[in-house]
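Read the structure below first, then the notes.
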Amino acid sequence: MNKTPLHRSNLVQKDIVAKPVCKHCGELCLDRLIHQGVDYFCCNGCLTVFNLLNEKDLGAYYACSVPEGIKPEGTGFTSSFEWLDAPGITDQIVDFNDGQTAVVSFEIPAIHCASCIWLLENLSKLDEGVKSTRVDFSAKTVTITYNPEATCLRNLAELLAGIGYAPEISPKDGREHKPQNKLRRLYLQLGVAGFAFGNIMLLSFPGYLRAGSDHVGSGLTLMFGLLSLALVFPVMLFSAQSYFVSAWQVLRRRMLNIDVPIAIGIIALFFRSVYEVAFLNEAGYFDSLSGLVFLLLLGKMFQEKTYSRLSFERTYRSFFPLTVKKIHNSSELSITINDLHPGDRIVIRHGEVIPTDGVIMAGTGSIDYSFVTGESDPANKEPGEPVYAGGRQTGGALEIEVIKEASQSYLTRLWEHDALKHKNEDNLHNLTDRISRYFVSAVLLIAIAAFIFWLRLDASIAFNVLTAVLIVACPCALALSAPFTLGTALRILGYNRLYLKNADVIEQIAQLDQIIFDKTGTLAIGKSVKFESSDRSLTAIESGLIRSVVRQSNHPLSRAIDDFLVDADILEIDSFEEIPGEGIVAIHDQIEIKVGSAAFVRGTQSEDLSDRENATVFVAIENAYRGLFIIESNILPSLKSILSQISMRLKVALLSGDRNNMHGEWSRIFPENSELLFEQSPHDKLEYIRKLQGVEKKRVMMVGDGLNDAGGLAAADVGLAVSGDATMFAPASDALIRRDDLGSLPEFMQFSRQSLSIIKVSFMLSFLYNVVGLGFAVTGNLSPLVSAILMPLSSISVVTFAVLATGVAARRNGLRVSPEDIL
Amino acid sequence: MSVIVVTILFSLLVALGFLLAFVWAVKSGQYDDKVTPSYRVLNDEKLTSKK
């Protein structure tokens with residue numbers, strides 16, 4: 001759990017003396033101080049939980065010296081579980097319900113310590129309808145058995161949220177019972193193999209001690225041999241089953257995988273041992289066989305555990321924090337989509353993506369669903385019609401009522417599977433596939449060759465050699481290095497607020513030749529706005545008209561003007577059209593308003609008005625030119641150092657749609673041999689990128705505004721969409737970043753390059769393992785038992801190395817390696 | 001010496017008994033969550049000490 005800087009455990013003595021600490025959550029009571037008895041509380045939420053727990057005899061929660069309470073979220077949480085009352089919802093969410101007893105599982109990310117388990121398992125004291133509760137700490141879930149006649153899901157959810165353990169409920173994600181069964185089966189197979197292994201070893205002892213030489217002894221040898229054979233049967237039929245089944249399925253499709261050699265090795269050893277016991281009156285190799293299977297299964301179990309711990313599933317924190325504007329008391333509030341609930345009203349503007357299913361309340365929708373379905377013809381929607389997650393609005397602003405919880409994973413999945421990227425033939429995926437395919441065939445050949453060789457020299461060793469070779473070779477590390485390294489890197493970049501579409505983007509970043517920056521909205525942000533006119537200043541009505549038009553758009557200049565005209569009234573717009581690179585034309589009450597470039601609004605080129613870095617936006621109402629807005633921009637601080645760092649490896653260019661106002665200033669900021677081009681239309685920018693990619697075969701990254709540079713971002717090898725305070729979702733991009741974080745761009749690129757090096761190193765390590773292992777096996781120095789240990793060991797160590805090395809590389813570059821990291 | 005046959009068979013029987021106990025433990029879900037029970041044991045102590 002995040003121990004915030006204000007938490008008691010992080011304070012020194014003088015801090016505690018100076019300000020009181022909340023009895024429940026342990027944080028300093030800075031903003032508010034609530035006094036009750038001898039205790040202090042930082043907010044009403046903590047006080048409520050404290051009183052509730054004491055009332056219900058759960059005061060032992062506070063027996064700990066360090067408060068572990070969680071501050072419940074601010075007001076408003078109780079209304080957000082209303083939807084659980086809807087009929088039919090209960091059936092979707094509960095695991096079991098027979099009318100009198102129901103069982104439901106909730107995921108509760110806030111679970112972080114032993115006190116949480118204690119409190120949650122005493123939930124029955126807080127709600128009489130609850131019969132029992134069971135917490136699974138590592139999965140962060142709680143399973144509640146309750147009486148549906150005495151309480152309901154909504155009560156449970158609100159109770160949990162009220163004490164600080166808000167549940168995350170998503171009926172869309174399926175229940176996962178399968179991993180449970182798979183692990184149980186593995187335990188059973190392991191148990192049987194271990195049982196057989198131990199007993200067969202004991203039975204084999206006399207054989208090793210040469211106690212079978214006399215007549216009595218040799219009879220016993222046969223008996224022990226048969227007993228061993230009997231014990232090995234369950235091993236062959238049950239424990240080793242997964243290897244046989246996998247090998248068989250793969251062979252049927254005329255392919256090879258790593259289970260094929262293992263299966264062959266086991267079968268070879270088995271039949272050889274049967275032959276020896278039956279005809280040669282020898283002990284056979286049943287001890288090796290059962291030991292082999294036992295150790296293989298043990299290795300598999302450790303592998304599963306290690307992989308799941310190192311796994312790179314995107315946790316909800318490494319998702320980009322998509323924000324959306326929610327309408328709250330007639331003003332707009334920026335909230336993350338995770339906080340969206342059915343019934344909320346949100347505003348979606350031109351170019352924005354609809355985060356979740358809803359119904360249009362106001363405005364005309366012209367929704368482009370190409371992101372979801374591939375169809376690029378926009379669908380026209382009127383108020384009252386439904387709209388679905390992933391659609392992009394092209395047109396005026398829409399007011400939408402949300403009917404479904406937003407699923408971040410759904411949107412991320414859409415993003416990841418976005419098929420517009422060109423497939424790079426040389427990428428790591430293909431390399432890994434090719435190596436795996438040849439690997440197994442090579443191993444089989446070596447095994448057969450070694451076997452034949454030893455057969456002529458010393459037959460008894462031959463079988464051992466065959467099995468050892470087949471078992472010790474392992475391409476697992478080769479196949480897993482890339483996914484694990486890239487997955488870890490992806491997660492780390494997420495913690496540092498650079499969100500990539502998928503792992504391939506890291507590869508692309510590492511191989512870039514050139515980087516292109518857009519200017520407006522990316523490197524230069526509008527600061528102060530002035531209106532200049534040759535006639536007179538704007539009337540109230542005109543300000544209202546302009547503001548209403550500009551509010552429908554998300555262009556950074558539009559937003560600057562919106563802020564400037566903050567006192568103007570907002571009127572309803574009948575029609576709205578935004579043309580990228582040119583301007584906006586809209587109609588209110590049959591009055592046409594045009595806002596945009598000089599060419600667009602007046603049909604003429606504008607004069608060079610000032611020598612400072614600014615943008616000019618012209619305005620015409622009812623075809624009469626009214627004046628222009630001059631928007632002074634701030635250049636991103638530290639831009640010069642960012643660019644000089646990047647230009648050490650890549651060529652840098654600036655493409656801007658504006659006029660060349662400040663050429664001197666920009667060429668001072670940009671490094672020596674960079675290209676600075678102005679007055680570029682979106683089409684010009686696209687052409688520039690295409691030329692670099694086509695003729696010069698360069699790999700290009702485009703850094704720009706997600707909405708207005710969509711074409712360039714899509715065409716570039718890597719499209720990085722930069723957003724301001726709210727995180728906009730840009731489907732055409734490969735990566736999302738906030739403007740404030742652009743300063744870390746050189747470190748991000750360095751990190752990506754190092755990740756690729758780490759993959760190469762782990763490839764080599766794995767290769768080395770195999771060469772050394774095979775060397776020993778082929779020369780007869782490796783017993784099957786030892787090879788069974790080495791095999792999983794090699795994959796675990798290589799994968800762990802890859803993941804740890806990635807973490808080290810991150811730290812070296814000054815990046816966070818976990819969400820709570822403080823740099 | 002041939003009594004060894006009996007002793008071995010009997011010990012195998014005992015070992016089998018243990019194997020069956022293991023199988024039952026896995027099937028009844030005792031191996032599904034190995035982390036929480038360790039906390040749970042400590043928690044009970046906390047409650048009784050307060051009382």
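Throughout, read-outs are computed from the coordinates displayed, never taken from laboratory work. Given the structure is predicted, the values throughout are model-derived calculations rather than measurements. Here the Cβ is made from the backbone with ideal geometry for all residues, glycine too, and neighbour counts use every protein chain on show.
Couplings 3J(HN,Hα) for segment A:136-146, derived from phi with the Karplus relation 6.51 cos²θ - 1.76 cosθ + 1.60 (θ = phi - 60°), are 10, 5, 6, 8, 6, 10, 10, 10, 10, 9, 9 Hz, where x marks Gly and Pro.
Other protein chain C-beta atoms within 10 Å of residue C-beta, averaged over B:31-42: 5. Hey, got a sec? Which trypsin sites (Lys or Arg not before Pro) in segment A:506-544 land in a DSSP loop and have at most 15 other Cβ atoms within 10 Å? Listed in order of number, the matching sites are A:536. Pairs to check: A:501/A:698; A:530/A:594; A:501/A:594. Give those whose C-alpha atoms are more than 26 Å from each other in this structure. Over 26 Å apart, Cα to Cα: A:501/A:594. Packing, as the average of other Cβ atoms within 10 Å across residues, places the peptides A:569-578, A:277-286 in the order A:277-286, A:569-578, highest first. All C-alpha pair distances within segment A:219-286, sorted into 10 Å bins from zero, spread as 21, 41, 25, 11, 1 percent across the bins. Counting only other chain Cβ atoms within 10 Å of each residue's Cβ, the peptide A:132-145 averages 2.
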